[in-house]
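Peer 1: Pasting a structure here, questions to come.
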Amino acid sequence: LPIGVIGIAVGTVLLPEMASRIAAGDETAARRAQNRAIELTLLLSIPCVVAFLLVPDLIMRALFMRGKFTEADATAAGQTLAAYALGLLPFVLIRSVTATFLARGDTATPVKASLTAVAVNVVCKIVLMGPLAQVGLALATSIGAWLNLALITWFAVRQRHLAFDAGL
């Protein structure tokens, strides 16, 4: 839910805003819009991460524990939710950071970062699936998300497309 409602929505609104600012030659306004989008995304997402890490079992019990979904199932699902929660911030932020490339017509750079992250994600899934079962799969997904965000941020900073302001 936070990925779709927060990350994708903010990124969808940010992209045309940045594209129009960049087309007008106003890099400062484009960066300001991006920084405010990142702030909003963090403001709305951090409470979700905290809840998913502090009470994942309670959330799973409240949502699903009835019928054949037992307390053991809720505990397992809660552990999986917590592992996914570790990757929630990069998942919601990636759209806002990627917008700087897409607004400039550069689709190759985000794809390079994404493909690298997918490769690492797959390797981590293979390694972690045995010892950690479904939690290992979720953890690998979170690791891949952090790598994707780190790479795309590094590319953006290196190309001077991203600069964090004092407000952020």
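The values are calculated or read from the model by the stated rules, or taken from the named source; none is laboratory data. In this text the structure is predicted, and so the values were computed from the model without any measurement. Note that we place each Cβ from the backbone using ideal geometry, even for glycine, and neighbour counts take in every protein chain shown. We work out accessible area using only protein heavy atoms, side chains counted, and drop any ligands, DNA or RNA first. Shrake-Rupley method; radii C 1.70, N 1.55, O 1.52, S 1.80 Å.
Peer 1: Among (1) modelled with pLDDT of 95 or more; (2) touching a Ser or Thr at 6+ places or on another chain (Cβ under 9 Å), there is one condition Gly7 misses while meeting the rest; what is its number?
Peer 2: (1)
Peer 1: Could you list, in sequence order, all residues of region 104-138 that are among the hydroxyl-bearing types (Ser, Thr, Tyr) and either touching a Gly at 6+ places or on another chain (Cβ under 7 Å) or surrounded by 13 or more Cβ atoms within 10 Å (Cβ to Cβ) (or both)?
Peer 2: Matches in region 104-138: Thr109, Ser114, Thr116.
Peer 1: Scan region 12-25 and tell me whether some residue there is in contact with a Phe, Trp or Tyr (Cβ under 9 Å, 6 or more places away or on another chain) and either closer than 25 Å to Leu132 by Cα or of a type outside the set (Ser, Thr, Tyr) (or both). Even if it seems obvious, please write down each step before you answer.
Peer 2: Step one: list which residues in region 12-25 are in contact with a Phe, Trp or Tyr (Cβ under 9 Å, 6 or more places away or on another chain), which gives none.
Scanning region 12-25, I find no residue that is in contact with a Phe, Trp or Tyr (Cβ under 9 Å, 6 or more places away or on another chain) and either closer than 25 Å to Leu132 by Cα or of a type outside the set (Ser, Thr, Tyr) (or both), so the answer is no.
Peer 1: When residues of region 37-89 are filtered for being more than 14 Å from the chain's Cα centre (by Cα), open to solvent by 80 Å² or more (accessible area, probe 1.4 Å) and of a type in the set (Phe, Trp, Tyr), how many remain?
Peer 2: 1
Peer 1: For the structure I just gave you, tell me whether Gln34 is of a type in the set (S, T, N, Q), free of Cβ contacts under 8 Å to residues at least 60 places away in the same chain and assigned to a helix (DSSP H, G or I). If you could, list the steps in order and put the result at the bottom.
Peer 2: Working: of a type in the set (S, T, N, Q): yes; free of Cβ contacts under 8 Å to residues at least 60 places away in the same chain: no; assigned to a helix (DSSP H, G or I): yes.
Considered against the rule, which asks whether it is of a type in the set (S, T, N, Q), free of Cβ contacts under 8 Å to residues at least 60 places away in the same chain and assigned to a helix (DSSP H, G or I), Gln34 comes out as no.
Peer 1: Does at least one position in region 30-37 carry a residue that is at pLDDT 95 or above, over 19 Å from Ala163 (Cα atoms) and of a type outside the set (A, V, I, L, M)? Break it down into steps so the answer makes sense when it comes.
Peer 2: The initial filter retains those residues of region 30-37 that are at pLDDT 95 or above, namely 30-37.
Next, from what is left, pick out any that are over 19 Å from Ala163 (Cα atoms): none.
Looking for residues that are at pLDDT 95 or above, over 19 Å from Ala163 (Cα atoms) and of a type outside the set (A, V, I, L, M), one finds none in region 30-37, hence no.
Peer 1: OK, next. Out of (1) without any contact (Cβ under 8 Å) to a residue 24 or more places away in the chain; (2) assigned to a helix (DSSP H, G or I), what's the single condition that is false for Ile46?
Peer 2: (1)
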